[in-house]
Amino acid sequence: MLGIVSLLTDAATEMIYPLIPVFVGALGSGAVALGIIEGVAESTSSLLKLLGGIISDRMGRRKVLVFIGYSISSLIRPLTGIVSSAWQIVVVRMVDRVGKGLRTAPRDALLASGVHESIRGKSFGFHRAMDHTGAMIGPILAIVTLLILFTGFGITDTTRALRWTFILAIIPGLLAVLTLIILVKEPETAGPNGNNFRFSLKGFSANFKTYLLILILFTLGNSSDAFLLFRIEESISKSGAVVSIVNSIGPLREMVAGFGTAKDQETIINILFLPLVWSFFHVIKVIFSTPLGALSDRIGRKRAINAGWAVYAFVYVSFALLVFLPSDVQVLATFILFAIYALYYAFTEGAEKALVADMVNEDQRGSAYGMYNFAIGLGALPASVIFGLIYSLADRKLPGFGGTFAFGFGGLLAIISMILLSLKVREPRQVE
């Protein structure tokens with residue numbers, strides 16, 4: 001049931017998310033603004049995850065915070081469609097992430113308490129697969145909505161079409177909240193842990209603290225995925241690769257022929273390409289999240305995490321070089337790189353969370369997941385802001401090379417983090 005809730009919520013989120021880079025550009029902003037938006041949003045989410053985890057441990061109940069968090073996000077997210085400037089998107093994204101922050105740690109603790117430790121990695125992997133199924137459906141809903149608006153309602157203003165698509169994302173969000181209320185049951189737990197309400201790592205092992213520090217380092221190079229979409233949009237707009245493919249296919253060429261001027265047609269084609277790629281990306285996540293999450297139950301969490309971080313490093317270095325490929329190869333390369341990048345998530349998402357549960361006692365899990373997400377949050381804001389600055393500043397001095405330096409920086413930090421995880425973190429038990 002938690003998986004279904006996540007599926008519906010991510011469908012709502014991903015009707016909006018892959019189109020944000022285009023929308024930010026339409027509002028007159030660029031890479032730095034995108035970095036601030038995504039950095040603030042993810043940091044807000046991660047910081048609130050700490051609060052949500054601590055409160056849920058203190059209460060001994062998880063579902064009420066999960067409900068509040070999903071409700072906030074579902075109601076605020078569609079307001080993206082009425083903003084008039086990029087800074088207003090920051091506010092909407094922040095409040096949306098407040099909801100995500102409050103719900104995530106108690107939800108993960110709820111999930112960890114509901115399964116046996118021998119299948120913990122598989123269980124988190126399955127939950128992520130459901131989440132990614134929603135993330136696959138969301139961009140498809142966005143494409144269908146945009147096509148209906150363009151063809152059925154005769155809207156030619158792309159910004160207006162984007163606004164209506166964002167507003168309609170409220171529908172799957174409300175369905176998620178109803179599913180949570182009616183179908184999710186909270187298992188019996190040990191009750192409130194009785195600890196004082198405090199933001200403290202006291203009581204956690206040095207091994208767990210070291211793990212958090214390494215996660216912070218990795219996150220400093222792990223900028224928002226919105227930059228991948230930004231990079232793609234930048235590449236295909238310059239090369240005209242997608243437009244050339246569409247114009248070479250008769251039925252597609254005829255379909256877009258009525259969308260205003262040739263410039264309008266190019267803009268619409270490039271906009272629709274982004275959610276298409278994003279949906280494909282999540283198809284691969286769905287396929288591999290459960291089996292690769294279960295893999296950590298057999299080979300160990302560290303090996304699975306490092307495998308994912310190695311994939312991440314490879315993909316970021318490859319995206320650094322994307323613009324240097326011939327235009328007719330860029331589209332194929334984009335799909336291949338996103339397919340490989342999906343494996344990073346499949347390897348790491350279940351394994352990282354399962355390792356947290358392995359390291360702490362059950363009555364500490366809400367706080368532990370809060371600390372885990374807090375650590376990621378400490379790196380998230382500077383990561384996206386630094387990435388945006390490198391992207392922008394390097395591009396001014398060396399036009400066309402901004403993304404190359406920014407993505408290369410992310411790949412380097414991933415490699416350093418792999419080495420530290422191998423040498424400094426001890427798994428608390430041997431997974432058989």
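If you scan region 87-113, which residues turn out to be among the aliphatic types (A, V, I, L, M) and either closer than 16 Å to Val184 by Cβ or surrounded by 21 or more Cβ atoms within 10 Å (Cβ to Cβ) (or both)? Correct list: Ile89, Val92, Val98, Leu102, Ala105, Ala109, Leu110, Leu111, Ala112. Just name the residue that is farthest from the chain's Cα centre (by Cα) out of those in region 376-428 that are without any contact (Cβ under 8 Å) to a residue 60 or more places away in the chain and within 28 Å of Ala105 (Cα to Cα). The selected residue is Leu423.
Please work out which residue is nearest to the chain's Cα centre (by Cα), limiting yourself to region 157-174 and to residues that are of a type in the set (A, V, I, L, M) and modelled with pLDDT under 90. So, considering only residues that are of a type in the set (A, V, I, L, M) and modelled with pLDDT under 90, the one nearest to the chain's Cα centre (by Cα) is Leu162. Scanning region 316-346 for residues that are among the aliphatic types (A, V, I, L, M), touching a residue at least 60 places away in the same chain (Cβ under 8 Å) and part of a helix (DSSP H, G or I) yields Val317, Ala320, Leu322, Val323, Val331, Ala342, Ala346. Go through (1) farther than 18 Å from Leu146 by Cβ; (2) of a type outside the set (Gly, Ala, Ser); (3) surrounded by fewer than 21 Cβ atoms within 10 Å (Cβ to Cβ) and name the single condition Leu276 misses. That leaves (1) as the condition not met. What about Ile249, is it surrounded by 18 or more Cβ atoms within 10 Å (Cβ to Cβ) and out of contact with any Cys (no Cβ under 9 Å at 6 or more places or on another chain)? No: the conditions fail for Ile249. Against the list (1) within 30 Å of Arg301 (Cβ to Cβ); (2) within 28 Å of the chain's Cα centre (by Cα); (3) modelled with pLDDT of 80 or more; (4) of a type outside the set (Ser, Thr, Tyr), the condition Ala206 fails is (2).
For every residue, the table says whether it meets (1) assigned to a helix (DSSP H, G or I); (2) basic (Lys, Arg); (3) under 21 Å from the mean Cα position of the chain (by Cα).
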position	(1), (2), (3)
Ile89	yes, no, yes
Gly121	yes, no, yes
Gly125	yes, no, yes
Arg128	yes, yes, yes
Met136	yes, no, yes
Thr151	yes, no, no
Ile155	no, no, no
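The values are calculated or read from the model by the stated rules, or taken from the named source; none is laboratory data. Small disclaimer: the values here were computed from a predicted structure and weren't measured. For neighbour counting, all protein chains shown are included, and Cβ atoms are generated from backbone atoms with ideal geometry for every residue, glycine included.
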